[in-house]
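Asker: Let me give you the structure first, and then I'll get to my questions.
The values are calculated or read from the model by the stated rules, or taken from the named source; none is laboratory data. What you see is a predicted model; the values in this text were computed from it and never measured. Cβ atoms come from the backbone with ideal geometry, glycine included; neighbour counts cover every protein chain shown. Quick note on the areas: whole protein, heavy atoms, side chains included, nothing else; ligands and nucleic acids left out. Shrake-Rupley method; radii C 1.70, N 1.55, O 1.52, S 1.80 Å.
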Amino acid sequence: KIAAVCCARSVVFPPAFYLGDSSDVVLAKVINNLEQVRGELQALGISVVLRPELTGKGSQFGSLDELLVVSAAVEGVLPCIDFGHLHARSGGAFNTYQEFCTVLRCMEERLGRSALENVHFHVSGINYGPKGERNHLLLDESDFNYQDLLRAFKAYAVKGLVICESPNIEEDALRLQACYDALN
């Protein structure tokens, strides 16, 4: 309700923890809860998009596949893809142009082209270990390949919102913008 009052177009949130349950059990709970929230919002005439965020640790519900399933199942839900979290959650994978293109292709195949024309992405460097995300880092102090990510954004003509979550938001956001603008 507050998001609508503030004229927000979407609300991003970490969806759940497993807490000993299987992915399938938590998936069913998340879908059920989001359907209830969507029903309440619809009854109030609120059309804000609910965006469960891709989480940075394997102990948290919110893998790429889980978010795509939830988004396909519940109208008015689209994923917030946090590429730093994806990189950390996978132990350092999802860090090449081809891997970034795979993410975007999966979104398009499973949610339709419109999902790539209304994205909400988070980008930052990330420190990670065997259990996933530890903390966010400056882009140039991490191994995150943001240049290839931006090339994939350009190749797939994504539209929407990209939020920089670096410890130095302003400088890294400008770095991202300059790098993107320099692409042909």
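Asker: Please go through the range 4-37 and pick out each residue that is of a type outside the set (S, T, Y), in a helix (DSSP H, G or I), open to solvent by less than 50 Å² (accessible area, probe 1.4 Å) and in contact with a strand residue (DSSP E or B) (Cβ under 8 Å, 6 or more places away or on another chain).
Answerer: V26, L27, V30, L34
Asker: Collect the residues in the range 45-56 that are in contact with a Phe, Trp or Tyr (Cβ under 9 Å, 6 or more places away or on another chain) and open to solvent by 10 Å² or more (accessible area, probe 1.4 Å), keeping them in residue-number order.
Answerer: Hits for the range 45-56 are L50, E53.
Asker: Where the second residue is modelled with pLDDT under 95 and among the acidic types (D, E) and the first is closer than 15 Å to I126 by Cα and in a loop (DSSP other than H, G, I, E, B) and lies in the range 52-63, which pairs have Cβ atoms under 6 Å and are six or more apart or on separate chains?
Answerer: Close Cβ pairs satisfying both conditions: none exist.
Asker: Where in the range 78-184 are the helices (runs of 4 or more DSSP H), entirely inside, with at least 3 residues that are surrounded by fewer than 20 Cβ atoms within 10 Å (Cβ to Cβ)?
Answerer: Ranges flagged: 97-111, 113-116, 146-155, 169-182.
Asker: Looking at Q42 and the list (1) more than 15 Å from F83 (Cα to Cα); (2) open to solvent by less than 70 Å² (accessible area, probe 1.4 Å); (3) not in a loop (DSSP other than H, G, I, E, B), which single condition is not satisfied?
Answerer: (2) is the only condition that Q42 fails.
Asker: Inspect all residues belonging to the range 28-37 and state whether any of them is modelled with pLDDT of 95 or more, under 26 Å from G84 (Cα atoms) and among the β-branched types (V, I, T).
Answerer: Within the range 28-37, one or more residues are modelled with pLDDT of 95 or more, under 26 Å from G84 (Cα atoms) and among the β-branched types (V, I, T).
Asker: I'm told A73 meets every condition in (1) surrounded by 16 or more Cβ atoms within 10 Å (Cβ to Cβ); (2) within 19 Å of the chain's Cα centre (by Cα); (3) hydrophobic (A, V, I, L, M, F, W, C); (4) more than 22 Å from H122 (Cα to Cα) except one. Can you identify the failing condition by its number?
Answerer: Of the numbered conditions (1) surrounded by 16 or more Cβ atoms within 10 Å (Cβ to Cβ); (2) within 19 Å of the chain's Cα centre (by Cα); (3) hydrophobic (A, V, I, L, M, F, W, C); (4) more than 22 Å from H122 (Cα to Cα), the odd one out for A73 is (1).
Asker: Considering F121, F94, which residue is of a type in the set (F, W, Y), touching a helix residue (DSSP H, G or I) at 6+ places or on another chain (Cβ under 6 Å) and within 27 Å of L34 (Cβ to Cβ)? So that I can check it myself, show each step before the final result.
Answerer: On the way: F121 fails: touching a helix residue (DSSP H, G or I) at 6+ places or on another chain (Cβ under 6 Å).
Checking each option against the conditions leaves just F94.
Asker: In addition: Could you please give the count of residues in the range 71-91 that are in contact with a helix residue (DSSP H, G or I) (Cβ under 6 Å, 6 or more places away or on another chain) and free of Cβ contacts under 8 Å to residues at least 60 places away in the same chain?
Answerer: Qualifying residue count, the range 71-91: 7.
Asker: Still on this structure: Consider the range 44-82. How many of its residues are among the polar types (S, T, N, Q) and touching a strand residue (DSSP E or B) at 6+ places or on another chain (Cβ under 6 Å)?
Answerer: 2
Asker: Inspect the range 118-137 for any residue being in contact (Cβ under 8 Å) with a residue 40 or more places away in the chain, of a type in the set (V, I, T) and within 15 Å of E165 (Cα to Cα) and give the result as yes or no.
Answerer: Yes, there is a match, as at least one residue in the range 118-137 is in contact (Cβ under 8 Å) with a residue 40 or more places away in the chain, of a type in the set (V, I, T) and within 15 Å of E165 (Cα to Cα).
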